[in-house]
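Please read the structure below before turning to the comments.
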Amino acid sequence: MKITGAEVFIGGPGKNYVTLKIKTDEGIYGLGDATLNNRETLPAAYLTDYLIPCLIGKDPLNSEDIWQYFYRGAYFRRGPVAMAAIGAIDMALWDIKGKLANLPLYQLFGGKSREGALVYAHATGSNLGALLDTIAHYQDQGYKAVRVQCGIPDMPAGGYAIPKNNEDSKHFITQFGSLPEEEIWSTAKYLRYMPTVFEAIRERFGNELEILHDVHHRLLPREAAAFAKEIEQYKLYWMEDPTPADDQTALRMIRQHSTVPIAIGEVFNSLWDCKQMIEEELIDFIRVAVTYAGGITHVKRIVELAALHHVRTGFHGAPSHSPISMAAQGHINAWAPNFGIQEYLVLGTLECEALFPSQHYYKDGMFYISDEPGLGVDFDEKEAQRYSYKRGYHPVVRLEDGTVWNY
Ligand code: CS2
Ligand code: MG
């Protein structure tokens, strides 16, 4: 079997999804997702300019060798751009392997460890009232776990990325067509207000609801430790990205002062980036994504290392991922003995489902992977013609005195 060609498409409903299609001489094709939020053209260029020419003529079933060839062969290794491009190829090769075997991918990993995977939704409110209503809305839809972000008084974007129109779930973070917007952050206001939000949530919804919260790298280590200690009583499922991801030793201070579970990894791209915090058991959940952590081959390795250290999975699933990588993660979630939870937002719109048809489905707070062979997702190229690339940015954050801060 030989690879005969590969193409990259950029675009989608409200997002610049980067979709890779690898074709073979036996007519089977595989799909991969290389979407790198707000930097989408870069993995696309890495693929078309450098990797795709090397793929032609290779046997697609040698996915391990192809992974090593692109990782070791690059000399300048790692980083989100390269790992998103390698990851997309890897997903597509696994897709081909599954289709050839006529088996869903989870079967090639070792079969199912569970029927459905627990997922969490994003409940975001510009104020406490709006947040509580949004949580109630997700509970009505069957969700057992929600990530809660709340606007802070006198700091409109304070819960991080609070949508301007007060609507929560359709917020895609990306701002198109202009330069980055700036948001103002005050750690003092956040630390004063956020514990009262958790208190109000527990009061209204009781103790069974799983509450997650994303601090989005905003705190210093001592602040994060004090915050974690204070909110321990609200029994969060996890506190995510409490401190900037660059320095993993910062987590030691938090660990010394609290038992709040910690989730990190959405901006990490390799096993080497995650190694210290997993081996030192500084985290409880690993948040990498197949999209920019080298695909299925590499993320499975991270999951296996995590299992040795009591770390469970909680893969990134922001709307920046296309249904292709969400399916790849769905197959890993079905298999992984140390599965924890999956962030779930992507399959929200009819347009998205038309572009990426699949039988995977959400029901009662769980995500169920279908038994279609391979990834079980297709890509409608005719639909894809409706979309084109639009440049977008994440917001940039400043403190009240103007100092640039972490998004
Ligand atoms: C967030 C992301 O889902 C999350 O946990 O941290 O939405 C993040 O802001 C985006 O993926 C950035 O592109
Ligand atoms: Mg996050």
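The values are calculated or read from the model by the stated rules, or taken from the named source; none is laboratory data. Predicted, not measured: the structure shown is a model, and the values here were computed from it. Because the Cβ atoms are built from the backbone with ideal geometry, glycine has one as well, and the counts that use them run over all protein chains shown. SASA here: full protein model, heavy atoms, side chains in, ligands and nucleic acids out. Shrake-Rupley method; radii C 1.70, N 1.55, O 1.52, S 1.80 Å.
Return a yes/no flag: does region 183-195 have any residue that is at pLDDT 95 or above and open to solvent by 60 Å² or more (accessible area, probe 1.4 Å).
Yes, region 183-195 has at least one match.
The rows are residues; the columns are (1) within 15 Å of LEU132 (Cα to Cα); (2) over 26 Å from the mean Cα position of the chain (by Cα); (3) more than 16 Å from ligand 1 (Cβ to nearest atom).
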position: ARG192; (1), (2), (3): no, yes, yes
position: THR196; (1), (2), (3): yes, yes, yes
position: ALA200; (1), (2), (3): yes, yes, yes
position: GLU203; (1), (2), (3): yes, yes, yes
position: ASP214; (1), (2), (3): no, no, no
position: ARG218; (1), (2), (3): no, no, no
position: LYS229; (1), (2), (3): no, yes, yes
position: GLN233; (1), (2), (3): no, yes, yes
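For residues that are hydrophobic (A, V, I, L, M, F, W, C) and on the phi > 0 side of the Ramachandran plot, tally how many sit in region 99-155.
Final tally of qualifying residues: 0.
Of the numbered conditions (1) outside any strand (DSSP E or B); (2) farther than 22 Å from ILE264 by Cα; (3) out of contact with any Pro (no Cβ under 8 Å at 6 or more places or on another chain), PRO319 satisfies every one except a single condition; which is it?
With (1) outside any strand (DSSP E or B); (2) farther than 22 Å from ILE264 by Cα; (3) out of contact with any Pro (no Cβ under 8 Å at 6 or more places or on another chain) applied to PRO319, the lone miss is (2).
Mind listing whichever residues of region 315-356 are within 16 Å of ligand 1 (Cβ to nearest atom), open to solvent by less than 10 Å² (accessible area, probe 1.4 Å) and aromatic (Phe, Trp, Tyr)?
Scanning region 315-356 gives a single hit, PHE315.
Inside region 253-275, can you point out the residues that are exposed (fewer than 14 other Cβ atoms within 10 Å of the Cβ) and over 21 Å from ALA82 (Cβ atoms)?
GLN256, THR259 - these are the residues of region 253-275 that are exposed (fewer than 14 other Cβ atoms within 10 Å of the Cβ) and over 21 Å from ALA82 (Cβ atoms).
Got a number for residues in region 202-234 being in a strand (DSSP E or B) and within 14 Å of ligand 2 (Cβ to nearest atom)?
3
Each row is one residue, and each column tells you yes or no for (1) away from ligand 2 (no atom under 16 Å from the Cβ); (2) in contact with a strand residue (DSSP E or B) (Cβ under 7 Å, 6 or more places away or on another chain).
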| position | (1), (2) |
| --- | --- |
| LEU236 | no, yes |
| PHE268 | no, no |
| TRP272 | yes, no |
| PHE285 | no, yes |
| ARG301 | yes, no |
| PHE315 | no, yes |
| SER320 | no, no |
| GLY330 | yes, yes |
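Would you list the strands (runs of 3 or more DSSP E) that sit entirely within region 1-105 and hold 1 or more residues that are small (Gly, Ala, Ser) and surrounded by 18 or more Cβ atoms within 10 Å (Cβ to Cβ)?
Of the strands (runs of 3 or more DSSP E) lying wholly inside region 1-105, those with at least 1 residues that are small (Gly, Ala, Ser) and surrounded by 18 or more Cβ atoms within 10 Å (Cβ to Cβ) span 3-10, 29-33.
Answer yes or no as to whether THR249 is modelled with pLDDT under 95 and more than 16 Å from ligand 1 (Cβ to nearest atom).
Answer is yes for this residue.
Among the numbered criteria (1) assigned to a helix (DSSP H, G or I); (2) farther than 19 Å from ALA228 by Cβ; (3) in contact with an Asp or Glu (Cβ under 9 Å, 6 or more places away or on another chain), which one does VAL288 miss?
Condition not satisfied by VAL288: (1).
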